[in-house]
Each structure stands twice: as C-alpha cells, then as structure tokens.
Protein chains: 2
Amino acid sequence: MKRTTIGDVAAAAGVSVATVSRVLNGGAVREATATRVWDAAARLDYTPNALTRSIFAGRASTIGVVIDDLRSPFYLDLMRGIDEVADANGSLVMFANTFHRAGREVAHVRTMDEQRVRGLVVTTGESTDDRTRRMAAGGTPCVIVARSVPDPSPGLHSVALDNVAAGRLIARHLVSCGRRSVGVITSGTRPSQLDRTEGLRQGLADAGLRLPEAAVASADVDEHVNDAVGALVERHTGMDSIVCLTGRRTVAVHSALTGRGLAIPDDIGFLTMDDFSWAPALGITVMAQPSYRMGQQAAELVIDNPGESAQLTFEPMLLARTSCGENG
Amino acid sequence: MKRTTIGDVAAAAGVSVATVSRVLNGGAVREATATRVWDAAARLDYTPNALTRSIFAGRASTIGVVIDDLRSPFYLDLMRGIDEVADANGSLVMFANTFHRAGREVAHVRTMDEQRVRGLVVTTGESTDDRTRRMAAGGTPCVIVARSVPDPSPGLHSVALDNVAAGRLIARHLVSCGRRSVGVITSGTRPSQLDRTEGLRQGLADAGLRLPEAAVASADVDEHVNDAVGALVERHTGMDSIVCLTGRRTVAVHSALTGRGLAIPDDIGFLTMDDFSWAPALGITVMAQPSYRMGQQAAELVIDNPGESAQLTFEPMLLARTSCGENG
DNA sequence: CCCACAGATGTAACTAGTTACATTCGGAGG
DNA sequence: CCTCCGAATGTAACTAGTTACATCTGTGGG
C-alpha cells in the first residue's frame, strides 16, 4: 500500500531522483530521458506529494479561511469570491467555521498557521489579533474581513464595508418612506453592527429623529429573535419599521413579524442587511454589500501581499424594493 | 524572517530536537526539562509545521471536498455537516468548487490527491471515477455524494438519496392534490436527476398518468430557466403543475412562473427539491434531503473508512406546504 | 585527433520534523 | 562507595521531495 515516490519513478526510468525532479519542474533534460521519465511516472501512477514540496518551499500554496458561519449570505458569497480567485491562481482553500465561539477562533487560526498557509482570510474578533499580527510579520499575509484593523502593520490588511455610511443610508431611506419610529435587531457586539447602529442614529438625527435605547434589541441566535422582536413591540410603542442589521437573522426576523400578523409594509416597514436570492420575490429592501467582490479582493490581497497594510473600504448599496412602503 | 524551528527551540532549551519532539508529543521527559522546553517554545513563538508532520505520517489530517457549487442549498448543508464532523475530529476541510466543469473536477481531485488528504468527499461525475478508485485502493477513502458507485471496491463509499423513491413521492403528492399534467425542469444529466425523473414517471404511471417527452425541459444555468419554462408552457398544453428537480434552480423557476403572471397554486402547482430557509414563508412544498446528516455521514465514512464499500442510501422527505394546493 | 565547453546527469546536502537505537544519568540496593 | 537498572536524553536515520555543485557526456573547433 506504500505510495509511489520520486525514487520509484527514478529507478523505473533508470535515472536519478534529481533528473525526475527536473523533468517534473522543467529543468534541462534531454528529450529522450524526459520521455522515459514521463512513461515511468504514468506507468507507476505517480502523484507527487504537495506537502513535501511545500515544506521545501517554506509554505503551502493553500489559502486559509476562518469565518463565522457559512449560512450567512454574506460569508457564503465572500467564500465564493475567495474560491474563485484562489482557483484562478492554482491555490486551494482551507476552510473552518468558528460558529462565533472565541475558543474556536483562536484554535483555527493557530491550525492555519501550523498548516503554513500562504495567507489567511479571517472574519474573527479581536481574540486573534495578536497571532495574525505575528503571522503577518512572519510573512503570512492576513486579511481581516468586516472589521478594520485597529493598529495597521505590514502584511495585515482589511476588507470592510463602510458600516457607518450603511447605517446613514438606511436611515435616509426609511425617512423618505415616511417612517419615523425605527426598531433595530442586532446580533452580538461585532464592531460592524455597532458602526451600523451608530450610522443609523446619525442618519435619524439628521432628520430630527431619535433612536432610543429601547429601540435596539439583540439576538445572538435565531431562537432569541422572536423574543427580541416581541420586546421591541412592547417597549418601543409606535414603532413603524424594523431594521435587521445582520443578514444571518433575516429569515427569523421576517417570520417573527409575519407570525405576529404584522403585514409588510402596511403594518410595519422591514429592511435588512445583505441581498439574497429570494429578496426580489419577497419584495424585501436590503442594504447590500459587494460580498463576492470583497472575497475576491481579500484573496488578491493574500496573493499579492502589498508591502504596507491595505485597508479596503467598500460602499454599501441600498436596493429599494417594497418592504418599506412606497418611496416618496 | 525565517520561522522558528524545532532546532531553535532545542538550542534555546539546551536539549536535543528529539527531546523537544517528545515534549510536544508526550513522550517520557523529566518535568524540569519539559518546563524548559515549553518556556523556550513560548518565548520563541514556536508553531510546529503541520506539513512536515504529515509527510512523516504519510498523509495529512485534512479532509478534501470537491463539490459542484456552494450556492446550492444541498451542497451548502452537506458542507456544513462535513465541517462539523471534521472539526470534532481535529481535521480541517480543504475545499474546491467545480462549477460543473469536468476539467476542473479532474484537476481538483488530482490536487487533493497531491495534498495527501486523509480522505475525499466528491460530488463529481464519472470523469473522476478512475482516480478515486485508485486513491481508495491506495488508502485514501473516497465518498461519492449524490450518486451511487457503479462498481463497489474497498474504500470507495457513497452517500445518496433514494432518488427513484423521491420521484415517486413527488408524483403521489401531486396526484393527491388533484394535479394531472406535470411539467419537469431538470439541469444537466446527472444520474440523480435521471433517477428522480424515472421515479416521477413510475409514480404517475401508478395513477394512470403519463409523463411525455414534451413535459421535460432542461436548463443547465439559471439564465436558461425562463426559456425552459416557456417551452414547457408552449408544448405541454394543459400543464397544471411544475416540478423542479434541482434545488439550485428553485429561485429561477419560481420567478419564471410568477414573471408569467401564473399564481401559485391557483394557476399552477409548484414543487421543488431541497428545503430552504424561505420555503415556509413562501409556502413552497419541497422534497427535502437530509443534507446535513449526509454530510456528517460522508465525513464519518472518511474518518472511519470501513473495510468494505459502504453504500448509504437516505430516504427523501416530502414537506407539504401550500404550493401544490390543498392536499385531499 | 585532442581539447574545450556546454549541456545532461548524478551526488549529496538540505527542508522540519519523527523515531529506533544507543548512550548517559540518577537513585536504590548491596 | 560501587554496581545495577530503568528512565531520560542524544545520535542518526528516515519521510519525499528540491537544488547547489560535481561529474560525465558529446560535439565542434583548432
């Protein structure tokens, strides 16, 4: 059951391992010799060991990706963008979910480091900043997604939405639809969501409206969404619209609303993050991120690894449909 | 910029590399020595090279996954199931999309072989059967997903839905809803879809109904779906229901239907493959696969690698909602 | 006909670890 | 105080490749 090695091929072709290596990697070899080697390799079903190659090269050609959860439309598209660029560059993607558990984050990033990935795309929290910084310093470019790097250093890049702008645009749209009392559902305390909330607050203030504490509820898993919506309805009386600041909770918020018999947009306006394939059919207005392109850019940062820290910001795009009512 | 190696740690701790290796892997080492080694490792920020470990072990601990397209709800859940089991076993997932291109399939499976993955989960076509068979014989278990293996051999497993049963169940449900003239949308010529069509044909025959050639149209990309639906409407007169045999095309078929002004279920019944998060909200009846569990089982087959060829078949489950009308 | 030189090939050192085997160490018993 | 024995540690071979350098081969020019 032992696998064919370069030595077996060399023996079968009657040459040294160095010659086989040269044939495989394009060194100076006579035509006739090369043919003998290729024949032997094919006959023995030789498949070179990429691990050995990588250890000599100092690192693998793989791109590591550590993300929260593939179920989110944003992360899914991000992943596809990364995969596309990786594939075009002959790289594979090594992948792990954290499911929002900080311990997993740290462990996975370390594992990726052990795997000597060519570079790393992470959507993790601050718990891994130390290691990513050291990795970047050691020549493994790291791209933080959906969060800017607090203290830039070479090799440590970021790819993020302008979240404050997204919040302001949401506010402006809601106001233009005649909504005056907005409720907000967030999940957890990721900086991206804090920034969106802040932008929303600013945008509402521009229109002379307030976003009181009682108007914001958090649900870190789908199962808590219904209660969060209920709490909002109770304590934030007169609420005429609900904004979901995380694409991962869109379905749950939508069904909490319809489950209460609230009609969209007549009883309540609804706006959520991240475009998704059913949004047009459902008429749901969304604040879209260019997730696919963000993934491509993240992968390109890994592959090109510019000398300085690159901090890429992307503009949000509001896709107005009918869930907030007619736009005046 | 050179990375810390086991030799550096050994020198810093004043011991040999063998001792460091023993400390790391739990051999017999004196307490005091172990402490010195751990200290040195921490001080030098030592991160062992998993590639080197793997080359000595003969193979990596990584699980390879080669699938068509992450956008499909089935593949997404499958992937999550694989990831869950891999994670629980300390394995990482190495991942590549084929986007239905046969050339990519072959290349990606070969790359996974070169990476010496611990095992492989593939949803690919017959073009890779030769190599997966050789890989399995060489000790790399391979699991074919969504298709049974034509000629079982040790280490070559499969995980698939009972597609004929799925087709029959779809037929029975449609008939019980009073539908008598069914149209079918498929994508490509994957055996799974052929089997579903065959099952549908059988189920309709049981009720004394036929499925003529004109009632089946294929669309291998979303862009062709609208034309395919149009062709069905034209040539299959009297059609009272449409079945979409691939979850990847659900949105496109649905919008082709509503785009024509056809109301579901009043003008036309609609049933599709694979449950998805918006299906309850939209009232769409689906033929669900236990995709997540199939992914878990696939990963378990890779990890356990039973001696003989395991051919796991899963039962489809019809989730009746309202898109085919009221069930009598 | 021999030499020089370039191109082809082989030898051996190197990558970063693991592990079989040999050696050294330390404490108990004689 | 010196064996003796087992545990702790070191040495060196091994994994599967790449590559610098040495050697060999062949051919054209003198």
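Values in this text are rule-based calculations from the coordinates and carry no lab data. Treat the numbers as computed from the prediction; the structure is a model and nothing was measured. Virtual Cβ from ideal backbone geometry, glycine too; neighbours counted across all protein chains shown.
Structure summary
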quantity	calculated
Distance between segment A:26-101 and segment A:253-281 - C-alpha centres, whole angstrom	42
Value at 222 nm in deg cm²/dmol, rounded to 500, when DSSP H runs of n ≥ 4 in chain A each add -39,500 (n - 2.57)	-13500 deg cm²/dmol
Three principal axis lengths of the protein assembly as shown [C-alpha, angstrom, descending]	74, 67, 47
Dipole of chain A, positive end: most advanced residue of A:Thr258, A:Gln296, A:Leu51 [Cβ charges, Cα centre]	A:Leu51
Estimated translational D of segment B:146-267 in µm²/s (Stokes, Kirkwood radius over Cα pairs; 37 °C; 0.692 mPa s)	218
Principal axes of segment A:29-117: Cα extent on each, largest first, Å	57, 25, 20
Net length gained if the chain between A:Phe56 and A:Glu31 were fully extended (0.36 nm per residue, minus Cα distance)	6.3 nm
In order through segment A:213-227: 3J(HN,Hα) via Karplus (6.51 cos²θ - 1.76 cosθ + 1.60), integer Hz, x for Gly, Pro	4, 5, 8, 10, 10, 10, 9, 7, 9, 3, 5, 8, 5, 4, 5
C-alpha long axis of helix A:102-114 to longest principal axis of chain A, angle in °	20
Gain in span if fully extended, B:Ala320 to B:Arg172, counting 0.36 nm per residue against the direct Cα distance	52.1 nm
Equivalent-ellipsoid semi-axes of segment A:170-209, from the Cα gyration tensor, Å, largest first	20, 10, 7
Size of electric dipole in the protein assembly as shown: Cβ of Lys, Arg +1 and of Asp, Glu -1, about Cα centre, debye, nearest 20	1540
Spacing of the two label points (7 Å from each Cα toward its C-beta) at B:Ile303 and B:Asp267, in nm	5.0
Debye-sum result for segment A:254-325 in log10 I(q)/I(0), which assumes one identical scatterer on each alpha carbon, at q = 0.16, 0.19 Å⁻¹	-0.66, -0.78
Separation of the A:Arg235 and A:Arg134 label points, Cα + 7 Å toward Cβ, nm	4.2
Rounded to 5, the percent of DSSP beta bridges in segment A:181-328 classed as antiparallel	20
Computed P(r) (all Cα pairs; segment A:127-198; 5 Å bins; percent)	3, 15, 20, 17, 13, 11, 8, 6, 4, 2, 0
Distance (nanometres) between label positions extended 7 Å along Cα→Cβ at B:Glu84 and A:Gln311	3.9
Placed amide H near B:Val121: partners under 5 Å, 5+ positions off or other chain	B:Gly64, B:Val65, B:Val66, B:Val143
Set of segment A:257-280 residues, backbone N closer than 13 Å to the point 7 Å along the Cα-Cβ line of B:Thr258	A:276-280
Compactness of segment B:37-178 - radius of gyration and Dmax, Cα, Å	19.1, 76
Among A:Ser309, A:Val15, A:Gly119 the positive-end extreme of the charge dipole of chain A (Cβ point charges)	A:Val15
Calculated diffusion of segment B:234-294, Stokes-Einstein form, Kirkwood radius summed over Cα pairs, 4 °C and 1.567 mPa s, µm²/s	105
Inter-part distance where segment B:208-230 and segment B:186-206 are each reduced to a Cα centre, Å	12
Charge sum, other residues only, whose C-beta stays under 14 Å from B:Thr33's C-beta, Lys/Arg counted +1 and Asp/Glu -1	+1
Percent of Cα-Cα distances greater than 18 Å, calculated over segment A:104-163	23
Average Cα contact separation per residue, segment B:155-298, under 8 Å, 6 or more apart, as relative contact order %	25
Sequence-separation-based contact order of chain B, relative, with Cα cut under 8 Å and 6+ spacing, percent	19
Normalised contact order of segment A:247-313, rounded percent, pairs of Cα under 8 Å and 6 or more residues apart	21
Which of A:Ala41, A:Ser218, A:Gly178, positive extreme of dipole for the protein assembly as shown (C-beta unit charges)	A:Ala41
Cleavage-rule hits, GluC sites (Glu not before Pro), segment B:287-328, DSSP coil, Cβ neighbours within 10 Å at most 11	B:Glu308, B:Glu326
Cα pair distances in chain B, grouped into 20 Å bins until the bin that holds the longest one, percent each	28, 43, 20, 9, 0
